[in-house]
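Written out below as structure tokens is the structure these notes cover.
The values are calculated or read from the model by the stated rules, or taken from the named source; none is laboratory data. Note that the structure is predicted; figures quoted are calculated from it, not measured. Counting neighbours? That spans all protein chains shown, and the Cβs are built from the backbone with ideal geometry, glycine included. Remember, those area values only see protein heavy atoms, side chains included, never the ligands or the DNA or RNA. Shrake-Rupley method; radii C 1.70, N 1.55, O 1.52, S 1.80 Å.
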Amino acid sequence: MITAGTIALILFITFFVLLFLDVPIAIGLGASALIALLLTGKPLLMTAMMMYASVEKFGLLSIPLFVLAGIILERGGISDRLIRLSSLVIGPVWGSLALVTVVVGVIFAGISGSGPADVAALGAILIPAMVKRGYNKNFAAGIMASAGSIAIIVPPSIAFIVYGVLAEVSIGDMFLAGIVPGLLLGIVMGVYAYMYGKKHGHMGDPRGSAKEIWVAFKDAIWGLMAPGIILGGIYGGIFTPEEAAGVVVVYGVIVGLFIYKTIKVKDIWNITVDAGISSAVVMFVVSAAGLFSFVIMSQGIAMKASQALIAFSTNKWFFLLAVNIILLIAGCFLDAISIFYITVPIFIPVARAMGIDLVHFGIIMSVNLAIGLFTPPVGVNLYVAANLAKVPLKDIIRYVVPFIIASVVALIIISVWPALSLTLPHLAH
Amino acid sequence: MRKVLNALRYLEEGLMALAVLCVVLINFASIVTREIDIGIQFGQAQEVMLLMFVWITFLGIPLAARKKSHLGLSILTDALPPKAKKAAAHVKLAVSIWFLITLGWFGLLMVMKEYQSLQKTPSLGLPLWPFGSAIVVSAVLTVIRLLEVAYDELWHKQSGEVTQQ
């Protein structure tokens, strides 16, 4: 009989070997789980059954829809309108355009739920704009990669949807709980952007006249309304978080086709195909990670790991510190979805035993994973931003470090102050 | 061969996009009919949406494989010398195909079981096998796409280099 410890060792070693061989993460998770199943003599039928069962969850249905909504609104020209409005409002302050990047990052996060998607949508405009205004190209890419990570903290968020399904907490509560922490991340990043701008003498253009701002506002209002529709609809009891995504898709199509007239009917087909593929990339990881997570749980690996964590210390703060460190390190190498599937079965029983609110815990985990999106060596946001700026990834690293530090400060505040996350969901109940 | 592959891709894309649009429409219709009573209810349509969602996911996986969009970690392999890099790419291909064939095979067994036992969904009583089949189709198509990409980038490119020398 092979012990759980040996299985765990083989499972994780195989996974990391495959990961470093550039085997797609989903296949690496699936193949290492398959090997573990082979060793334990469990029926291999479980491979197909678990991979299927992990996908067939109603809560996850909103993932392709939120992806689609994000792409439609972005192709509809929402991003440049939001950028124009923010530039006119922010006006002549130090680091103005860098601040615009952060502000628009937060607003766009209210429409989209994926970090790299935000970087791609906004970076295409903002990085060249910053470079044109004399900002260092690597800084421009770095701030874009960092600000784009807020997408998974401000609702809607694919990370929250997956966490909600896994930890069995309300996705609606997660959405509300993410608002203030998302704003906090924006503030700490904004503070650094201001300091950087002041140090390097980047001053913004004069503020727009009231009339200019009004015109830009009227133009951008359709984009600004999307987050309102999502949250208003959910908490007004008109639709569920699952349904909200579909509503925004319809809204985006109407805005794109009839109001902005930036999308043609024939574009909808390509947009839909792109959204389907992007969503499948996420869902393939969900599917395989579900199998991986099944092996961890059925072999008692998760339970042993949880017990080890509790045996080590029953101090809540120590546990949260350990969670934060583990996730920050894991976030350097793995995507948020895989990390959730691997660690949620281990952490949740401990968090529950220590009386930590699971919504608050989900926010803490997600903020860690958001930081992972722009932490070298493998933050996906960094790749997207480096590509857009046409600079080598290693050159950006120096410029994201201050943003990582700022975000860790926000993470500490979010971790020790549960009310920051929980006040809004409590008010809604 | 290439023509067949491209035709297949259009078919996959078409079915997937259709499924996405169906989900959007059913979802919207179910909210509207709940808020405004027009005598038709779409509340039961959840299972249909789930069927579509399963197919969107599993049809999208081979399409993403063709575009090389699946998430991976290439920092180590990028740093390898060309020969080692190529060897790593072959290991990657072999592991992927081994896993997908196993998945497809056990998926097929799963679907056959669902078909024979006449398993049905809880609320609408839809047969289960059309849901499960998505995983089998996906595994087969993804293997085809991986081979297509490998042919273009690994094997064909190599012969190109040889002729250049």
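Go through region B:20-70 and report how many residues are polar (S, T, N, Q), closer than 30 Å to B:E153 by Cα and crowded, with 24+ Cβ neighbours inside 10 Å.
Number of matching residues: 1.
Would you say A:A428 is in contact with a Phe, Trp or Tyr (Cβ under 6 Å, 6 or more places away or on another chain) and surrounded by fewer than 19 Cβ atoms within 10 Å (Cβ to Cβ)?
It is true that A:A428 is in contact with a Phe, Trp or Tyr (Cβ under 6 Å, 6 or more places away or on another chain) and surrounded by fewer than 19 Cβ atoms within 10 Å (Cβ to Cβ).
With the condition kept exactly as written, say whether any residue in region A:15-36 is among the hydroxyl-bearing types (S, T, Y), within 28 Å of the chain's Cα centre (by Cα) and surrounded by fewer than 24 Cβ atoms within 10 Å (Cβ to Cβ).
The answer is no; no qualifying residue exists.
Could you check how many residues of region A:53-85 are over 29 Å from A:G276 (Cβ atoms) and buried (at least 24 other Cβ atoms within 10 Å of the Cβ)?
Count: 1.
Within region A:303-334, which residues are in contact with a Gly (Cβ under 9 Å, 6 or more places away or on another chain) and outside any helix (DSSP H, G or I)?
A:L334
Do we have B:A7 as more than 9 Å from chain A (Cβ to nearest Cβ) and among the small types (G, A, S) here?
Criteria met by B:A7.
If I go through region A:269-289 residue by residue, how many of them are surrounded by fewer than 24 Cβ atoms within 10 Å (Cβ to Cβ) and in contact (Cβ under 8 Å) with a residue 24 or more places away in the chain?
So the count comes out to 3.
All but one of (1) within 10 Å of another protein chain (Cβ to nearest Cβ); (2) more than 16 Å from A:A288 (Cα to Cα) hold for B:E148; which doesn't?
Result: B:E148 passes all but (1).
Go over the candidates A:I25, A:I13 one by one and state the one that is facing another protein chain (nearest Cβ under 9 Å) and not polar (S, T, N, Q).
After ruling out the rest, the residue left standing is A:I25.
Out of (1) touching a residue at least 60 places away in the same chain (Cβ under 8 Å); (2) closer than 26 Å to A:A386 by Cβ, what's the single condition that is false for A:S86?
Of everything listed in (1) touching a residue at least 60 places away in the same chain (Cβ under 8 Å); (2) closer than 26 Å to A:A386 by Cβ, A:S86 misses just condition (1).
A:I125 is checked against (1) without any contact (Cβ under 8 Å) to a residue 60 or more places away in the chain; (2) assigned to a loop (DSSP other than H, G, I, E, B) and fails just one. What number does that condition carry?
(2)
Identify all residues within region B:10-41 that are more than 20 Å from the chain's Cα centre (by Cα) and either more than 11 Å from chain A (Cβ to nearest Cβ) or farther than 22 Å from B:P130 by Cβ (or both); write none if there are none.
Matches in region B:10-41: B:F28, B:I31, B:V32, B:T33, B:R34, B:E35, B:I36, B:D37, B:I38, B:G39, B:I40, B:Q41.
Tell me, please, whether a residue that is more than 12 Å from chain B (Cβ to nearest Cβ), part of a helix (DSSP H, G or I), within 30 Å of A:V162 (Cα to Cα) and touching a residue at least 60 places away in the same chain (Cβ under 8 Å) can be found in region A:210-220.
For region A:210-220, residues more than 12 Å from chain B (Cβ to nearest Cβ), part of a helix (DSSP H, G or I), within 30 Å of A:V162 (Cα to Cα) and touching a residue at least 60 places away in the same chain (Cβ under 8 Å): absent.
Which residue out of A:I348, A:I326 is within 19 Å of A:I363 (Cβ to Cβ), open to solvent by 20 Å² or more (accessible area, probe 1.4 Å), away from chain B (no Cβ under 14 Å) and of a type in the set (V, I, T)?
The unique qualifying residue is A:I326.
Can you find, within region A:157-173, the residue that is nearest to A:L427 (Cα to Cα) among those that are part of a helix (DSSP H, G or I) and within 13 Å of the chain's Cα centre (by Cα)?
Among them, the one singled out is A:F160.
Being of a type in the set (G, A, S), free of Cβ contacts under 8 Å to residues at least 12 places away in the same chain and more than 7 Å from every other protein chain (Cβ to nearest Cβ) is the filter here, so list the residues in region B:54-93 that pass it.
B:A79, B:A84, B:A87, listed by residue number.
Sort out which residues of region B:42-53 are among the polar types (S, T, N, Q) and facing chain A (nearest Cβ under 7 Å), and write them in order of number.
B:Q46
Out of A:S366, A:S338, A:S407, report the one residue that is at pLDDT 90 or above, under 25 Å from A:S170 (Cα atoms) and of a type in the set (S, T, Y).
A:S366
Answer with yes or no whether A:F175 is open to solvent by 50 Å² or more (accessible area, probe 1.4 Å), away from chain B (no Cβ under 14 Å) and under 23 Å from B:I26 (Cβ atoms).
no
When the residues of region A:37-52 are narrowed to those that are assigned to a helix (DSSP H, G or I) and more than 7 Å from chain B (Cβ to nearest Cβ), which ends up surrounded by the fewest Cβ atoms within 10 Å (Cβ to Cβ)?
A:L38
If you check every pair at least six apart or on different chains, which have Cβ atoms under 6 Å apart with a residue in region A:5-33 that is free of Cβ contacts under 8 Å to residues at least 40 places away in the same chain first and a residue that is among the hydroxyl-bearing types (S, T, Y) second?
From residues that are free of Cβ contacts under 8 Å to residues at least 40 places away in the same chain, the pairs are A:T14/A:S32; A:D22/B:S74; A:D22/B:T77.
Can you find, within region A:1-14, the residue that is most open to solvent (accessible area, probe 1.4 Å) among those that are out of contact with any helix residue (DSSP H, G or I) (no Cβ under 7 Å at 6 or more places or on another chain) and under 21 Å from A:V286 (Cα atoms)?
My answer is A:I13.
To keep it simple, each residue is scored yes or no on (1) charged (D, E, K, R); (2) closer than 14 Å to A:S146 by Cα; (3) part of a helix (DSSP H, G or I).
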| site | (1), (2), (3) |
| --- | --- |
| A:I371 | no, yes, yes |
| A:V391 | no, no, no |
| A:P402 | no, yes, yes |
| A:I414 | no, no, yes |
| A:L424 | no, no, yes |
